[in-house]
Structures are given as C-alpha cells and as structure tokens.
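Each remark here refers to the structure printed beneath this line.
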Amino acid sequence: GRQGDDFYDANAGLLDLVHKQQPGAVALEMECHVLFHLAKASTGSRNQRPASVRAACALMVFADRAGNQFIGPETSRQMVKTAARAILDALVDDMPTQQGLHPEAGSVWENKL
C-alpha cells in the first residue's frame with residue numbers, strides 16, 4: 001500500500017497480506033467495485049427490474065507498488081491510446097437498447113448542454 005506521512009492508511013503489510021491470501025493477484029483496485037455495486041443496486045425505470053444501470057471497468061496499471069517501478073511517459077501514452085480505443089470499440093459493439101432504461105423526462109439527462 002501507500003507509504004508516507006501524508007496519510008494514515010494502516011496498510012504497511014497490505015500487499016504481503018493480499019499475496020498470501022491470493023498468490024496470483026497482480027492488481028489491487030477499489031473504484032470499480034463501487035461502480036459494479038451501484039449498477040447491481042439500480043432499480044430500473046420506476047423502481048422495477050431489470051436494472052437501469054450497466055457498468056464496465058478497465059484497469060490500467062502504471063506502477064508496480066511491490067517493486068516500486070513505473071512505466072515511462074511514452075509507454076504510458078501508447079497504452080492509454082490503445083486501451084481507450086479498445087474500450088470505445090467495446091462500448092460501440094455493446095450499445096444497450098433503450099428498453100428498460102430510466103426515462104429521460106424528469107432525469108438529469110433531460111438537461112441538454
């Protein structure tokens with residue numbers, strides 16, 4: 001985990017614990033969990049199923065916390081470009097139908113920019 005005086009994280013042994021419990025673990029990620037949880041908890045249009053929120057996540061790793069190694073800026077730029085293209089292609093290929101989604105009327109989506 002993060003080491004330093006700027007935060008009280010109490011996670012000095014976190015990576016060792018994760019590797020002990022999950023020897024094949026290669027990444028530790030939290031934000032995607034919240035997105036998946038919110039999607040699962042969505043109630044659909046007018047609180048009826050099916051869920052009205054779908055979620056997908058992509059994990060891009062730029063640092064090896066255990067070895068304290070980082071990828072360079074050029075590799076980072078290329079990885080972001082490649083990953084962004086793959087993510088956008090996947091979204092286009094899997095465009096959901098509008099059936100069962102929250103209606104636009106009365107929602108934040110009704111406010112056009």
(Q) Report the gain in length on full extension from LYS40 to ALA55: 0.36 nm times residue separation, minus Cα-Cα distance, nm rounded to one decimal. (A) 4.5 nm
Q | Probe 1.4 Å, all protein chains present, accessible-area order of LYS81, LYS20, largest first | A | LYS20, LYS81
Q. Excluding ligands and nucleic acids, what accessible area in Å² is computed for ASP64 using a 1.4 Å probe, to the nearest 10?
A. 70 Å²
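The values are calculated or read from the model by the stated rules, or taken from the named source; none is laboratory data. None of the values given here were measured: they were computed from a predicted structure. Side chains are part of the model used for accessible areas, which takes the heavy atoms of the whole protein and leaves out ligands, DNA and RNA. Shrake-Rupley method; radii C 1.70, N 1.55, O 1.52, S 1.80 Å.
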